[in-house]
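Let me begin by presenting the structure, written as structure tokens, before commenting on it.
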Amino acid sequence: MDFDEYRKYDATGLARLVADKQVSAAELLAAARERAEAVNPRLNAIVRDVPAEGSDDLTGPFAGVPFLIKDLGQDYAGLPTSNGSRSLRSYRVAEHSTVVQRWIDAGLVIFGKTNLPEFGAKAISESTVWGPARNPWDLERTPGGSSGGSAAAVAAGIVPCAGANDGGGSTRIPAACCGLVGLKPGRGLTPFGPETAEMMHGAAVQGVVSRTVRDTAAMLDVICGGEPSGPYTPGMPSASFASCVGEAPGKLRIGVRVPSAINPKPHAEAYAAVESAVRVLTELGHEVEELPEAPFDDAALAKDFLLTWFVNLAWKVADAKRLTGAPDVAFERDTLLMAALGRATSSVDYVDAVQRRHEHTRRLSTYFESYDLLLTPSLATPPPKVGAFDLPVSLQRATDVLLRTGTAKFLRHTKLVDDMISDNLGWVPYTQLANITGRPAISVPLHWTADGLPLGVQFVAPLAGESLLIRLAAQLEEALPWADREPVMN
């Protein structure tokens, strides 16, 4: 099977070809590897090979379909999970993550692990250990993060969908940067075990990036549900998520908000993306209303998100040191700086931030008493260029001194955190809401800029709203098809 034929099918379509014996699993794996060899040297999307062979004995709904997993939170037994860090690059794990085992049980052929930022801590995928991943739509630009390698690989046609996870937008941001579908399920619906009960108090969840809504839905059917070591048994829908594709969502009332306290003046293309969405939603009979203000305190939410993120990162650094004995030089400067801010946070301040999640959730729940969904851009700007967030050399040197002298913790009492919110979340101010509140959200590729870059829109739903998001996304996909759009990699 050549690439042109391979690229015509999504994962569901490839699985049908294998089931009908029109193609073998070995042929699909060969096609995927051939495409990876052709484009990965320029993309740097795949950073580790996984031994695999296409077998005709595979069973499951995706038997024989090539697949990639993210090198964070998706452990493959016997191989390292680097978390994008030199400290863990060679630390091998003993068992598959539950989500990986479910993908294997579904018949997927996992042949590689994908690029990401160190510990998934940024919205770009530019680690020191692996180097930057690049966007197939423009190799000078980021594919987003932290599931950037997965998104780049799917957009470039190496695989039709790939493993991702999302603790602050890490599935939806890369999906938006690369013209893909990215669904963040609600809290607890997908497993993070067996090593971990839940990540970031349940804010982080497992999922995929894909080209089609039906793949996203069917993959969620594969991985959703509790596990024996999990913290609770999640509520499951009465019907499969795949069955929602093609079902009419009904007439929906959708509120729209583009400006953010973090970025009061988003790029004109972010407005254009939402305008495209509003136009097609209105044509489909939905009621869309512009909101005069955000239905939550987005400035306070951003600070609470970053505070808990810094503390979580401090723990990750400490845990990596316990596992491997890694010194500080095994971690990136930015990671050490954020970890220092995390260690400088008191236990009371940390619990305060966690408890305030309920305030954000209550305000959003009140919003959903009047509206079915919240619509925002997925990104406030087009995908930035690789290296856009590198610290200036002078600031690098100053930061090194603070870290070396143990005084970086005092930066918590300066405007540094506000600057980090502005600099790092300014282009992605919309995604953290769903993680903090535990609500499902999806990014769909309804808009391309004048320069040919994707810029998605996001829908946030109330609790158990995954099925509604899938029904609407499938309706939008039918109205404005995107799966056949393909980047030209010169």
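Summary table below
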| item | result |
| --- | --- |
| Residue match in the range 426-441 (condition: surrounded by fewer than 24 Cβ atoms within 10 Å (Cβ to Cβ), over 25 Å from Ala242 (Cα atoms) and either over 17 Å from the mean Cα position of the chain (by Cα) or not basic (Lys, Arg) (or both)) | yes |
| Which numbered condition Gly452 misses (of (1) surrounded by 20 or more Cβ atoms within 10 Å (Cβ to Cβ); (2) farther than 16 Å from Arg211 by Cβ) | (1) |
| Residues of the range 106-136 satisfying the condition of being part of a loop (DSSP other than H, G, I, E, B) and within 17 Å of Val428 (Cβ to Cβ) | Leu116, Pro117, Ala121, Lys122, Ala123, Ile124, Ser125, Ala133 |
| Hits in the range 48-66 - residues which are exposed (fewer than 14 other Cβ atoms within 10 Å of the Cβ) and either within 16 Å of Gly112 (Cβ to Cβ) or of a type in the set (Asp, Glu) (or both) | Asp49, Pro51, Glu53, Asp56, Asp57 |
| So Ser170, is it hydroxyl-bearing (Ser, Thr, Tyr) and either closer than 23 Å to Trp448 by Cβ or not in a loop (DSSP other than H, G, I, E, B) (or both) | yes |
| Residue count for the range 292-302, restricted to those that are of a type outside the set (A, V, I, L, M, F, W, C), out of contact with any Phe, Trp or Tyr (no Cβ under 6 Å at 6 or more places or on another chain) and crowded, with 19+ Cβ neighbours inside 10 Å | 1 |
| Matching residues, the range 253-262, being over 14 Å from Tyr367 (Cβ atoms) and crowded, with 19+ Cβ neighbours inside 10 Å | Val258, Ser260, Ile262 |
| Qualifying residue in the range 277-294 (condition: under 23 Å from the mean Cα position of the chain (by Cα) and in contact (Cβ under 8 Å) with a residue 40 or more places away in the chain) | yes |
| Checking Ser87 against (1) buried (at least 16 other Cβ atoms within 10 Å of the Cβ); (2) modelled with pLDDT under 95, the condition it does not meet | (2) |
| Residue in the range 315-337 that is under 30 Å from Arg404 (Cβ atoms), of a type outside the set (Ser, Thr, Tyr), surrounded by 17 or more Cβ atoms within 10 Å (Cβ to Cβ) and touching a Phe, Trp or Tyr at 6+ places or on another chain (Cβ under 7 Å) present | yes |
| Subset of the range 236-276 [among the β-branched types (Val, Ile, Thr) and not in a helix (DSSP H, G or I)] | Val245, Ile254, Val256, Val258, Ile262 |
| Yes/no for Ser422 being on the phi < 0 side of the Ramachandran plot and surrounded by fewer than 24 Cβ atoms within 10 Å (Cβ to Cβ) | yes |
| Filtered residues of the range 214-246 (kept if β-branched (Val, Ile, Thr) and more than 22 Å from the chain's Cα centre (by Cα)) | Thr233 |
| So Glu289, is it surrounded by fewer than 15 Cβ atoms within 10 Å (Cβ to Cβ), in contact with a Gly (Cβ under 7 Å, 6 or more places away or on another chain) and of a type outside the set (S, T, N, Q) | yes |
| Subset of the range 17-44 (residues that are surrounded by 14 or more Cβ atoms within 10 Å (Cβ to Cβ) and charged (D, E, K, R)) | Glu27, Arg33, Glu34, Arg35, Arg42 |
| Filter pass, Pro117 being more than 26 Å from Val311 (Cα to Cα), modelled with pLDDT of 95 or more, of a type outside the set (A, V, I, L, M) and crowded, with 24+ Cβ neighbours inside 10 Å | no |
| Which numbered condition Ser467 misses (of (1) within 30 Å of Leu337 (Cβ to Cβ); (2) part of a helix (DSSP H, G or I)) | (1) |
| Which numbered condition Glu283 misses (of (1) out of contact with any Lys or Arg (no Cβ under 9 Å at 6 or more places or on another chain); (2) crowded, with 20+ Cβ neighbours inside 10 Å; (3) closer than 29 Å to Pro454 by Cβ; (4) not hydroxyl-bearing (Ser, Thr, Tyr)) | (2) |
| Members of the range 422-464 found to be within 23 Å of Thr361 (Cβ to Cβ) and part of a helix (DSSP H, G or I), listed by number | Leu425, Gln432, Leu433, Ala434, Asn435, Ile436, Thr437 |
| The range 9-57: number of residues that are assigned to a loop (DSSP other than H, G, I, E, B) and modelled with pLDDT of 95 or more | 12 |
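Residue by residue, here is whether (1) part of a loop (DSSP other than H, G, I, E, B); (2) out of contact with any Ser or Thr (no Cβ under 8 Å at 6 or more places or on another chain); (3) touching a residue at least 60 places away in the same chain (Cβ under 8 Å) holds:
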site: Thr190; (1), (2), (3): yes, yes, yes
site: Ala197; (1), (2), (3): yes, no, no
site: Val208; (1), (2), (3): no, no, no
site: Met219; (1), (2), (3): no, no, yes
site: Gly226; (1), (2), (3): yes, no, no
site: Pro234; (1), (2), (3): yes, yes, no
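The values are calculated or read from the model by the stated rules, or taken from the named source; none is laboratory data. It should be emphasised that the depicted structure is a prediction, and the values quoted were computed from it without experimental measurement. Neighbour counts run over all protein chains shown; Cβ positions are idealised from the backbone, glycine included.
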